[in-house]
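This report concerns only the one structure given below.
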Amino acid sequence: MTDLSETRKFSDASGNYTLKIENEEIDLECYLLGSPTGGTGTECFHTIGVAKRSNFLADIKIENIDELLPLLESYESEEWSEFHQIVIKNQTDSFVWHETNWDD
């Protein structure tokens, strides 16, 4: 793996994504539109550590981390949703916060 330290921001109709690759970890921060608690959005943060990196790369069908950013540049909404699910499947740490609508 190349000594890579990158942060990229991506947006589509479902929300905003920030992907950070550093120290052999992959971090994905998301702000997604909608919330299961009636609010307007959901924030989540996922980390893929070294222990699960090779499984993650296999799941997205690339051989090394250097191929990840060029792949993501062409993603559209459906692909981002699928990518997010693969990240969740392979995460080693996560945090999720749902906005709540208190008007009820």
Fill in the blank from the handout: Of the listed residues (LEU57, LEU69), the one being touching a helix residue (DSSP H, G or I) at 6+ places or on another chain (Cβ under 8 Å) and aliphatic (A, V, I, L, M) is LEU57
Practice task
Residue by residue through region 93-104, note down the ones that are loosely packed, with under 15 Cβ neighbours inside 10 Å and either assigned to a helix (DSSP H, G or I) or not hydrophobic (A, V, I, L, M, F, W, C) (or both).
Solution key: ASP93, SER94, THR100, ASN101, ASP103, ASP104
Handout entry: When residues of region 6-47 are limited to those that are farther than 16 Å from LEU68 by Cα and of a type in the set (A, V, I, L, M), the one surrounded by the most Cβ atoms within 10 Å (Cβ to Cβ)
Key = LEU32
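Scan region 74-86 residue by residue and report those that are of a type in the set (D, E, K, R) and touching a residue at least 60 places away in the same chain (Cβ under 8 Å).
Correct list: GLU76 only.
Among what's in region 74-85 and is surrounded by fewer than 16 Cβ atoms within 10 Å (Cβ to Cβ), outside any loop (DSSP other than H, G, I, E, B) and not acidic (Asp, Glu), pick the residue that is modelled with the lowest pLDDT.
SER77
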Problem - Identity of the residue in region 22-73, among the acidic types (Asp, Glu) and outside any strand (DSSP E or B), that ends up farthest from TRP97 (Cα to Cα) - result: GLU63
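The values are calculated or read from the model by the stated rules, or taken from the named source; none is laboratory data. Because the structure is a prediction, the values reported are computed rather than measured. Note: ideal-geometry Cβ built from the backbone for every residue, glycine included; neighbour counts use all protein chains shown.
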